[in-house]
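Enquirer: This is the structure I have questions about; it appears just below.
The values are calculated or read from the model by the stated rules, or taken from the named source; none is laboratory data. No experiment lies behind these values; they were computed from the predicted model shown. In this analysis, Cβ positions are derived from the backbone assuming ideal geometry, glycine residues included, and neighbour counts consider all displayed protein chains. Please note that ligands, DNA and RNA were not included when accessible areas were found on the heavy atoms of the full protein model with its side chains. Shrake-Rupley method; radii C 1.70, N 1.55, O 1.52, S 1.80 Å.
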Amino acid sequence: MIQSIKLRNCGPIKSIDWDQLGDINVIIGENSSGKTLLLKALYALVKSLEDYQRGDDSKTYKEVINEKLKWTFQLDRLGNLVTKGEKEKFKLEIDIDDRQALISFGANADKGVGEVLENVKRRDNNSVFIPAKEVISLANVIKSSRGIEKQFGFDDTYYDLILALEKNPTQGKIAQNFLSAFKDLKTITKGDIDYFEGKWSYKNGNEKFNIYLVAEGYKKIAILERLIRNRTLNKGSILFVDEPEVFLHPQAEIKFVEMLHKLSCQGIQIFIATHSYFVIKKLILLSKINNSSIPIISLGLESQISYDNLRTGFPDNSIIDVAISLYDEEVKIG
């Protein structure tokens, strides 16, 4: 579990000091404020800790993190991540599982970082990034461009997710602590996504449908279900979700958030980047009902950053202001 985050000079983000993180953590902000950059930076660092010394891989930790940063951000030069005009370095430091992880590099960095913490201990978990865009329909294209042709186009958040989804569901009952969330997901999707002989399909009972004919929202929810069924997500995993509201009806958004909350109660830490009033409002209600902490960071343009907690209600943010102003306008209309 990530306990704290320190980030310096990452694109539009000048400085973040975010501590006392919880089971669910929320990132909001205007377009181009750095929400997805923050998620990807965290994912790249955490995933490198998990990929290091996996199987027979003999790469050093520095080589692992360099490769993950390259394919997650897909930049010609890594130094392009550094805030423009800044002489200081990009630096990401996290406290995770009661130990420290760090990467740092300057604007002149080409293919690799300048500083990492050596002698790191491998993290024996599987963390996952669920992008805003739907991935299953593009699975073969993603695998070909990233895995075979080694071309920029689909970054490692997509590629890693596709590989995780291809893992077959294991036999036996779903672990009891995930059973409730799994059953609730089934009430939405009604069926399962299935991978067989290199092709994805959607199965509902005895019927099978071409994956391209399935609603985008169904596929997004089915992804979460499959990650539970094939045991990719387990206690200790960190789940990064970018704009869960994309392709989902507001009612499905709320159900999706409820599922994420149930997963968080079973030891999966979650980071959510969102624009959605419905997502934030539901998290506020869950925080109050369960008397739980849900930290939220608001990223603004020109490095304006604020830290709040959803158990105290809505933070002061332009996204929330727009939603409230529409409600006030409706009240005035009568």
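Enquirer: Out of ASN25, ASN66, which single residue is in contact with a Leu (Cβ under 9 Å, 6 or more places away or on another chain) and of a type outside the set (Phe, Trp, Tyr)?
Expert: Exactly one residue qualifies, and that residue is ASN66.
Enquirer: Out of segment 243-253, which residues are surrounded by fewer than 17 Cβ atoms within 10 Å (Cβ to Cβ) and either touching a Ser or Thr at 6+ places or on another chain (Cβ under 6 Å) or closer than 14 Å to LYS281 by Cα (or both)?
Expert: PRO250, GLN251
Enquirer: Take segment 10-33 and flag every residue that is open to solvent by less than 10 Å² (accessible area, probe 1.4 Å) and at positive phi.
Expert: Once the filter is applied, which keeps residues that are open to solvent by less than 10 Å² (accessible area, probe 1.4 Å) and at positive phi, segment 10-33 yields only GLY29.
Enquirer: Oh, and also: Of all residues in segment 238-258 being closer than 13 Å to ILE24 by Cα and touching a Phe, Trp or Tyr at 6+ places or on another chain (Cβ under 9 Å), which is modelled with the lowest pLDDT?
Expert: Per the criteria, the residue is VAL257.
Enquirer: Could you grab me the full set of residues in segment 245-255 that are free of Cβ contacts under 8 Å to residues at least 60 places away in the same chain and not acidic (Asp, Glu)?
Expert: Within segment 245-255, LEU248, HIS249, PRO250, GLN251, ILE254 meet the criteria.
Enquirer: Could I ask something else about it? Out of all the residues in segment 122-166, which are over 20 Å from LEU248 (Cβ atoms), in contact with a strand residue (DSSP E or B) (Cβ under 7 Å, 6 or more places away or on another chain) and outside any helix (DSSP H, G or I)?
Expert: SER127
Enquirer: OK, next. Please work out if ILE305 is at pLDDT 85 or above and on the phi < 0 side of the Ramachandran plot.
Expert: The answer is yes for ILE305.
Enquirer: Given the conditions (1) buried (at least 22 other Cβ atoms within 10 Å of the Cβ); (2) of a type outside the set (Lys, Arg); (3) in a helix (DSSP H, G or I), which single one is not true for MET259?
Expert: Here MET259 meets the rest and fails (1).
Enquirer: Could you run through segment 20-45 and say how many residues are under 23 Å from GLY236 (Cα atoms), touching a residue at least 60 places away in the same chain (Cβ under 8 Å) and more than 11 Å from the chain's Cα centre (by Cα)?
Expert: 5
Conditions tested, residue by residue: (1) surrounded by fewer than 12 Cβ atoms within 10 Å (Cβ to Cβ); (2) modelled with pLDDT under 75.
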site	(1), (2)
PRO169	no, no
ALA175	no, yes
ALA181	no, yes
LEU185	no, yes
GLU197	yes, no
TYR212	yes, no
GLY217	no, no
LYS220	no, no
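Enquirer: Follow-up question, since we're still on this one. Can you tell me how many residues within segment 202-256 are assigned to a helix (DSSP H, G or I), closer than 17 Å to ALA132 by Cα and among the aromatic types (Phe, Trp, Tyr)?
Expert: 2
Enquirer: Can you pull out the residues in segment 92-141 that are buried (at least 19 other Cβ atoms within 10 Å of the Cβ) and over 18 Å from the mean Cα position of the chain (by Cα)?
Expert: Listed by number, the residues that qualify are ALA101, ILE103, PHE105, ALA107, ALA109, VAL113, VAL116, VAL120, ALA139.
Enquirer: Tally time: how many residues in segment 34-90 are polar (S, T, N, Q) and open to solvent by less than 40 Å² (accessible area, probe 1.4 Å)?
Expert: 5
Enquirer: GLY147 fails exactly one of the following numbered conditions: (1) more than 19 Å from PHE240 (Cα to Cα); (2) open to solvent by 30 Å² or more (accessible area, probe 1.4 Å); (3) out of contact with any Lys or Arg (no Cβ under 8 Å at 6 or more places or on another chain). What is the number of that condition?
Expert: Tallying (1) more than 19 Å from PHE240 (Cα to Cα); (2) open to solvent by 30 Å² or more (accessible area, probe 1.4 Å); (3) out of contact with any Lys or Arg (no Cβ under 8 Å at 6 or more places or on another chain), GLY147 fails exactly one: (2).
Enquirer: Just checking, which of ILE162, ILE148, ILE130, ILE94 is under 25 Å from SER15 (Cβ atoms) and either modelled with pLDDT under 90 or among the aliphatic types (A, V, I, L, M) (or both)?
Expert: On inspection, the qualifying residue turns out to be ILE94.
Enquirer: I would also like to ask the following. Across segment 44-62, which residue is nearest to GLU93 (Cα to Cα) among those that are assigned to a loop (DSSP other than H, G, I, E, B) and among the small types (Gly, Ala, Ser)? Give the derivation first.
Expert: Kept after step one, since they are assigned to a loop (DSSP other than H, G, I, E, B), are these residues of segment 44-62: 52-60.
Applying the additional criterion that residues be among the small types (Gly, Ala, Ser) yields 55, 58.
Values: GLY55: 26, SER58: 25 Å.
Per the stated criteria, the residue is SER58.
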